[in-house]
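Derivation of every value follows stated rules applied to the coordinates shown; laboratory data play no part. Note that the structure is a prediction, hence the values are computed from the model and not measured. Ideal geometry is used to build each Cβ from the backbone, glycine not excepted, and the neighbour counts take in all protein chains shown.
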């Protein structure tokens, strides 16, 4: 844990990953600032990872761009903005709105993002505005929309404290989301939560798992196998199936039977019906999947 | 609870993988309940905010799509004269349209696609074809800026800009400024709004500050919503300026001021599909996008390391973060390494159908045979021939358009260099051409280990050209292949070059003390090119704990002194007691030490 923050500072958030840790930054009046975790922020309760902790070393102006440039020459903001406005207008006139594009960033603030999106989609008249988040989580967006009809993250970080079983799939959270990963480890220490990893390589995360499954890169059958396992073990909840999904779709589960065949028959598959207990036991999962 | 990240998303079947996970949670009813649910760990500070405003080409705005009704609703809200009517081009297709000449004007804001995109060399070349390339960045030099933008705009960086971001759990937090803008830097929203005004759209972009934009964003999310869309910030549409300034982190949805915080969604079994029910998705049979063959027999996986982030424009400035993994690398299984004749800390060329890189070899048994791993961070600003994005194929998921960056057929060949060495400089600068290196931030400058086929003289003259009017000092012992030189100006070290055979090379950190001095004293001068240090306790081993700068040697010594757990090490050295990022490595170091003790004990008993 970081030392409690006593000095008056500015509450902000870390600029790196999506955990969104709260930071208290206390400027030193020399252009730098002391960085500490914000104990009041519910994403991190004062904790920071190595990258967040070192933010104070990244505030120098040495590599900064300090003024606009046009054609490689220093220019005023006015000249630069005139050049942009004229160039965009002419491109739309000559080639149509789809000849213009914006490529944005998950490092922009929501307000920056909103204005850029509005200009392109409502005023220039094209949807050629995309973002480097396309490389990061657009499959999650598409998966959410297919399953839920909306891009909704259903849960929250508190779930990490309450889960009995944490399955990490394709994630080296120990390195890439250290603050959340340490929260999972504390949940294990506090009430015996188990951590399973499903990955194609060994990492700091798989090394510290209760069960690490190493797969070939095309691994979707694993989740289908887990699905099938839940079906076989009787922990598949029929209530949500009928209440939450259209009947036509519950009937359409062809890979269920197929992947069930690929699972070894094990007496553990007839394990006590886990619907009464919130999770199936790790030992049975270990035997069934391995 | 299932937590997933790029190993799922960055695949040409990424959407199917996400749905395979969600299927499990729907089937077992483990969603919307405490301690349950599928959870995407996002990698960016505001990917979520981007999704909320509609910053992806296949979204319109505020979780609305491109139905006639939705387009009309957003048009009326914005008072927009020229609405987009259909989805736009997703990233990889968008840059291909740039390459094909269909897109003539491109504005890149706060990102470095010439490094991060698949086929990054192709993308960098495509940028040069544009009639108008605009780049907004806080950094003066990136590989993308290297493509030669017509207009380059300085934008406010973290610490200077002011607004909101949303994290992985739908929590909106204020990112507040605590430093004045650098030079003439301005916020991105300002640059876009000023451009819109100059294009004749002034009335719709007359924002006095970020709060006005945020209120409009919140109002759009609530506009004709009435519970039909998940994303609703209605309560914040009337936020006062002072309330925005003091806004505490909170989760959406927030439809009204009276609504309580909704930690979990879908607990009521209601989904946002037309039927109100969730959908199972039958997933395709999983296959690789491209399979390895005789020419490209390995599968290349790409990803991050612990202490760097994205293309290092910020993390690359931190000495603390530099020493964990200082060089661009490829991880190879021991069997593969021995078959190919690859040595640890030697070099390998990694080649795919799209590009090549020369990377330091790390032999790691955790890497599965036939598969290799390389980190994405290094680029032409921070290293040479280490652009891993250039190796990635441009195959994307059919639903999401996300690139398949985790399984690329690749060839691996050992490569050797005539000489090795290191260089210390006050500023990052290119080294002579046939040289591979990576700059590491150090106190007061940068250090790089290199391997080269250039002569000592060629390298030194290239450095000396960067540092004129400096006093030169040298030490050569050709019989041992030792060539060393330094540039000194006004008694202060400007550059140091050590060149020679690997086994004759001390670590650059033997010069760390001299490098820090404002004026070299006589002792420092005497030791300068000796490869030894004047200080008695000198530790060149790698840093394990970045927070407290604790090195491997110190950890070994503490273990030998009786600390036999990570907790005990934490108590004595503080290592691992702040962020915990290094705890997995500490655990491994302790386990190895314990194994050595056991082996020794066994050997003693059997003897």
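Odds and ends about this structure:
- Peptide-level mean, for B:543-549, of C-beta atoms on other protein chains within 10 Å: 2
- Residues B:354, A:191, sorted so that the one with the fewest Cβ neighbours within 10 Å comes first: A:191, B:354
- Calculated P(r) of region B:419-527 - Cα pairs past 25 Å, %: 12
- Per-residue average of Cβ from other chains inside 10 Å of B:312-322: 5
- Over chain B, relative contact order from alpha-carbon pairs under 8 Å, at least 6 apart, %: 11
- Proxy reagent accessibility, fewest Cβ within 10 Å first, across B:425, B:48, B:312: B:425, B:312, B:48
- Which of B:233, B:257 has the fewest Cβ neighbours within 10 Å, and the rest in rising order: B:257, B:233
- For region B:63-251, the relative contact order is 16 percent, taking Cα pairs closer than 8 Å that sit 6 or more residues apart in sequence and dividing their mean separation by the residue count.
- Of the peptides B:133-146, B:329-342, the order by per-residue mean of other Cβ atoms within 10 Å, starting with the highest, comes out as B:133-146, B:329-342.
- Convex hull volume per residue, computed on the Cα atoms of the protein assembly as shown, equals 180 Å³.
- Here, region A:10-58 has an Rg and a Dmax of 10.1, 30 Å when only alpha carbons are counted.
- P(r) for region B:298-415, from all Cα pairs and a bin width of 5 Å, is 2, 12, 22, 23, 20, 13, 6, 2, 0 %, short bins first.
- Given in Å, the Rg to one decimal and the Dmax to the nearest whole number for the Cα atoms of region A:69-130 are 12.8, 32.
- Computed over the Cα atoms of region A:1-83, pair by distinct pair, the Kirkwood hydrodynamic radius stands at 14.8 angstrom.
- Equivalent-ellipsoid semi-axes of region B:115-241, from the Cα gyration tensor, Å, largest first: 31, 19, 17
- Label-point separation in nm, residue B:82 to residue B:501, each point 7 Å along Cα→Cβ: 6.9
- Translational diffusion coefficient of region B:180-222 (Stokes-Einstein, Kirkwood radius from Cα pairs, 25 °C, 0.890 mPa s): 215 µm²/s.
- Cα-projected label distance for residue B:219 with residue B:471, points at 7 Å along beta-carbon direction, nm: 6.8
- Peptides ranked, highest mean first, by Cβ atoms within 10 Å: ranges A:127-134, B:120-127: A:127-134, B:120-127
- For region B:14-142, diffusion coefficient by Stokes-Einstein and Kirkwood Rh (Cα), 20 °C, 1.002 mPa s, µm²/s: 120
- Theoretical ellipticity at 222 nm over chain B - DSSP helices of four or more residues, -39500 (n - 2.57) apiece, nearest 500: -7500 deg cm²/dmol
- Cα gyration tensor, region A:157-218 - rounded (a/c under 1.5), prolate or oblate: prolate
- Point-to-point label distance, residue B:349-residue B:69, nm (Cα→Cβ direction, 7 Å offset): 6.0
- Relative pair counts by distance (%), Cα atoms of chain B, 10 Å bins: 3, 13, 22, 25, 20, 11, 5, 1, 0
- The mean number of Cβ atoms from other chains found within 10 Å of a Cβ in peptide B:291-303 is 1, as a whole number.
- Highest average packing first - A:15-23, A:64-72, Cβ atoms within 10 Å: A:15-23, A:64-72
- Kirkwood hydrodynamic radius (C-alpha pairs) into Stokes-Einstein, region B:516-607, 10 °C and 1.306 mPa s, D in µm²/s: 103
- Take every Cα pair under 8 Å whose residues are at least 6 apart in sequence, average their separation, divide by the length of region A:69-130, and the relative contact order is 29 percent.
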